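The values are calculated or read from the model by the stated rules, or taken from the named source; none is laboratory data. Quick caveat: nothing in here was measured; it's all calculated off a predicted structure. All Cβ positions, even for glycine, are placed from backbone atoms using ideal geometry, and neighbour counts span all protein chains on display.
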Amino acid sequence: MPEMSDPKIESPYLRETLNRRARSLTLLRPLFDLESNKGRYPDLALESLDLFRFTAAVLDVIITEMGGFQRGATYEQILEAVTVQLQKTEHEVDSRRSDRLASFLLDALTNERIRDSFRLRYQHESFDGHLVWSPLVFKLVELRDLDGTGDGRYVASAEAINIYLASLSVELEGQQAADEAALHHFIQHGKLDEAELAARAALMRTIEYADRIRRALQLVERGVSDFDWVAEMLPRLDSARNHIEERMKAEEGLVIEAERKMQEADLNGKKRLSVIVEQLEGASRQHNALLNLMLGANRRFMDEHARQHFRPVSLNPFPNPQSAILHPLLRFTLAEGDDWMQRSWFLLHPPAYRPLLDFRLMTTTLLQPARDAGESGELVIETDLEEGRDVEPAFSESVWSAFQKVYADLPEGFRLSVCLERFLPHEIEARHLAILRIGQWFEGTADDPSVENVGEQFSSEGFYGDDVVVTKR
């Protein structure tokens, strides 16, 4: 008789895997109840419909719209998605039937009958090896007033997104990297159908990841005393920030690869690649917004810590431009709006950092010579800036002649301000060329004239900035 192994002796990996699978499968119970009990609603005529498919259509539009500007789906958008699916099964579909079906599906996903979260139970294995029942409280879809206007939008929970993507609670960061690797493979080998699906899945993974980070930060803000911010949260934020930066670099590389593939694709392939690029740019925008959220998380924690301990916060949060400014402003009459803008114009122009220009890249791009054929006779691939040999140069020959004449008459060592004053009043383009050339010499090669900053400012007929000394060689 074969010996029986001790049932309590199992690897921690198997125990945790089964616990996660059991929990994930329990999340599907509301969907199975919806399909199995559809015969209870004869007035809706649901017997001919696959409610799993219609539920998937509802979740698809909600999750996709969560990544857009509205951050959720309106009822009209969900109704349109349901109507499209209904038209594929029935020849004649009236608006009332579509409306009733969409409302029925939303009531089931939001648990409108109970008006509360789904409350189920599942068995998981404890550390002592026994199976115990544990409560599982979750939501699938919620109706939220995101901007405070009273116009609710439907958003999906992390559990609903996980169900839709069929990921069964796998490690999300690794799944994102795997999705991007699969997308790169599909694009590189021209499998654009699979690439389009992979790009959509990657966008939804990004939305799920962003929602998980935001919910974690909200939990911390609600009870700052329950978390060790320095020892527990800061390492997680650093890890999340590194992961986001890696994803942004990967998405940038995928966009470049898709645009390169677009040059050799047919018309249908170009359309699919355009959709793929749009999905990748949407994921990049999500990651960029999440990165800004992560960078400001420490400041918000300190402010919330001060508020919950009854200490005044130094700065009030900046108002939401859409809900706090634009919507009330649109309700004004013309006279009231004009009076309000005279008194509160600064609210429409929030403070922003002035972007830093890459001066060296700009001068190199503007002044680069056109590429010729190499020594082997093979033509060098041109960039977008260089395509078309008949394009007019940035500066005409007369402008170059004026600059070279002034430059030749200057002494061996001169200042930029002195150079600009040598030009005639109407020679504005020649002044632009002088600034560009001297700026190029500032980080140029050893053969270029020497340019050094003197630490002084200058202003000359509309031109101003740091003055420099140029030494000819």
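With respect to Leu109, determine if the residue is hydrophobic (A, V, I, L, M, F, W, C), touching a strand residue (DSSP E or B) at 6+ places or on another chain (Cβ under 6 Å) and assigned to a helix (DSSP H, G or I).
Judged against the criteria, Leu109 is a match.
Please indicate, with yes or no, whether at least one residue in segment 105-127 is outside the structural domain of Ala202 (by TED's automatic domain parsing), free of Cβ contacts under 8 Å to residues at least 12 places away in the same chain, farther than 24 Å from Ser157 by Cα and surrounded by fewer than 17 Cβ atoms within 10 Å (Cβ to Cβ).
Checking segment 105-127: at least one residue is outside the structural domain of Ala202 (by TED's automatic domain parsing), free of Cβ contacts under 8 Å to residues at least 12 places away in the same chain, farther than 24 Å from Ser157 by Cα and surrounded by fewer than 17 Cβ atoms within 10 Å (Cβ to Cβ).
Report those strands (runs of 3 or more DSSP E) wholly inside segment 403-473 carrying at least 1 residues which are among the charged types (D, E, K, R) and modelled with pLDDT of 85 or more.
Correct list: 413-415.
Being aromatic (Phe, Trp, Tyr) and closer than 19 Å to Leu25 by Cβ is the filter here; which residues of segment 87-133 pass it?
Answer for segment 87-133, where residues must be aromatic (Phe, Trp, Tyr) and closer than 19 Å to Leu25 by Cβ: Phe118, Tyr122, Trp133.
Can you name the residue in segment 6-28 that is surrounded by 12 or more Cβ atoms within 10 Å (Cβ to Cβ) and within 15 Å of Phe127 (Cα to Cα) and, of all such residues, is modelled with the lowest pLDDT?
So, considering only residues that are surrounded by 12 or more Cβ atoms within 10 Å (Cβ to Cβ) and within 15 Å of Phe127 (Cα to Cα), the one modelled with the lowest pLDDT is Glu10.
If a residue must be among the basic types (Lys, Arg) and in a helix (DSSP H, G or I), how many such residues does segment 47-96 contain?
Result for segment 47-96: 2.
Does at least one position in segment 184-197 carry a residue that is within 30 Å of Ala250 (Cα to Cα), in a strand (DSSP E or B) and either over 20 Å from the mean Cα position of the chain (by Cα) or not assigned by TED's automatic domain parsing to the domain that holds Glu259 (or both)?
The answer is no, given that none of the residues of segment 184-197 is within 30 Å of Ala250 (Cα to Cα), in a strand (DSSP E or B) and either over 20 Å from the mean Cα position of the chain (by Cα) or not assigned by TED's automatic domain parsing to the domain that holds Glu259 (or both).
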